[in-house]
Amino acid sequence: MTTESAARAPRPKPARKRAAKRDLLLDEAARRINAQGAGAIVLNDIAEQVGLSRNTLYYYVADRADLVFRSYLRACEATADDLALAVETGDGPSDRIRRFVEAELAFDRPPQAVLTDIDYLPEAPRAVIREHQARNIAALRGLIAEGIAADVFRPCDTEIAAQSLTGLISWTRLSAGWLGHRDDRAARRRATAAVVDLFLHGFAADASADVRCGIDIEALTARPFNAFDRKQTNEVKIGQLIAAASRLFNRRGIDGVSLDEISASVGATKGAVYHYFDDKADLVVRCYRRAFELYDLIMDTAVKAGRTGFERSLITLHLNIQAQAGPLSPLMLQPGRMSLPADELERFSRASRRLRMTSARNQRQGAADGSSRAADSAFAAEAAAGIFLWLPKWLPEGYPMTPIQIADAICDLTALGIEARAG
């Protein structure tokens, strides 16, 4: 048999069966990583779900970290394939973006793990995933740059644009779980269309709309402090620990950060953390409580300050970006929701749905008053959250822009869309 004919020969049946079982294993791992977080998945549970004994499981993976690594690697490779196919088959820059998003979010494809807990991995596999991730972002930036060169896309920061689109896609894979709606074929189709429409066309009706916001999130959240009030002093210490934990969890994933690292980041001891919190799970819950207090404050401010539906949507987005780009850094909604206590998960899910409903109402009001483009308000509002929720995953410390400048740049892209508008 020649080398060429051997390459065309069908894979032996045992090898095909092993490959199929490996795919089932990675499918289930991706689902559980997205729901529970990388560090909370249980190998025995996954093995049982896919019909493997624990001993047989180790034929496919060495341990939990190896399973997470293989799940992340498959997600990276799938994204690379989707980008390559979109570039090859797309009819121009906008169609390539559309094809890429549709492939990434296709309902019938195997589930893909969202890359939020990369720091959970040991150093060597972590570096491999980071490299694959960087290559995919570079390829997406190249696609966007070609659109700018062809005058199809408006001039913009290609890094911000590529990462924003990645955030929209990543959040769409998680949002149904957090918001408690069915992720069926019809919902996925609407969500995919909303991502494409928002990225390409934005939500402003007027291409010359002012995307700046006159509200500073730090001034909005500032509170008077009395150093001689013991209760208030304790509250400040607790707040500092929660804020530090939220920043680290956002950047590195909840399972990628230890209590030692959190305490060290504020110059405290691990004992200080246990003085104020029962354990890490309690700290995570407190971080989410603080986050939703901030999300509610931002939404209430936008509703009161905005004169049109567009302004309310813009202020909501701008303040959330400021919060994630600055020191506040409210905990982002990320994999691991099923590791929360049931009552807290229900509380946070209700809060998420309430915010989504208000965002959708702002969008509908904008369409009615002529300030916003007509769109699928429910899924457009849902998708937009991915813009700011993904921000901590890519924005490096010491970025040469202030939080307000970053918010201005991202709001310009998101409100007006990346496509150059006629006239």
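Here, each number is a calculation from the coordinates, and none is a lab measurement. It should be emphasised that the depicted structure is a prediction, and the values quoted were computed from it without experimental measurement. Note: ideal-geometry Cβ built from the backbone for every residue, glycine included; neighbour counts use all protein chains shown.
Here are some notes:
- Highest-MSF residue in the chain out of 164, 359, 371 [GNM, Cα springs under 10 Å]: 371
- Largest GNM mean-square fluctuation among 402, 158, 56, using the chain with Cα springs under 10 Å: 56.
- Gyration tensor verdict on the range 217-416 (Cα atoms; rounded if a/c is under 1.5, prolate if a/b is larger than b/c, oblate otherwise): prolate
- Charge tally in the Cβ shell below 14 Å around residue 392, where Lys, Arg are +1 and Asp, Glu are -1, residue 392 excluded: +1
- Residue-count net charge about residue 86 - beta-carbon cut-off 9 Å; Lys, Arg +1, Asp, Glu -1: -1
- Kyte-Doolittle mean at least -1.0, axial Cα span of 27 Å or more - DSSP H helices of the chain: 64-89, 123-149, 158-179, 230-252, 280-305
- Residue order, fewest to most beta carbons within 10 Å, for 156, 287, 76: 156, 76, 287
- Neighbour net charge for residue 324 - beta-carbon separation under 11 angstrom, K R +1, D E -1: +3
- Each of 183, 23 was scored by other Cβ atoms within 10 Å of its Cβ. Listed from fewest to most, they are 23, 183.
- Using the Cβ-Cβ distance between residue 275 and residue 216 with R0 set to 41 Å, the FRET efficiency works out to roughly 0.80.
- Its relative contact order, with pairs defined as Cα atoms under 8 Å and 6+ residues apart, puts the chain at 24 percent.
- In plain terms, the residue of 231, 21 with the fewest other Cβ atoms within 10 Å comes first and the most crowded comes last, giving 231, 21.
- Under 12 Å from the residue 357 label point (7 Å along Cα→beta-carbon), backbone N, the range 335-350: 350
- Between the C-alpha center of the range 255-303 and that of the range 325-401 there is a gap of 19 Å.
- Between residue 80 and residue 123, the modelled labels are 2.4 nm apart [label points 7 Å from Cα along Cα→Cβ].
- Listed by chain and number, the lysines whose C-alpha is less than 25 Å from the C-alpha of residue 21, apart from same-chain residues fewer than 8 away, are 13.
- Gain on full extension, evaluated as 0.36 nm per residue between residue 293 and residue 24 minus their Cα-Cα distance, stands at 92.9 nm.
- Lys, Arg +1 and Asp, Glu -1 on Cβ, resulting dipole of the range 217-416 about Cα centre, debye, nearest 20: 280 debye
- Spin-label model distance (nm) - residue 347 vs residue 89, 7 Å beyond Cα toward Cβ: 4.7 nm
- Förster-model FRET efficiency, 51 Å R0, residue 62 and residue 266, C-beta, rounded to 0.05: 0.90
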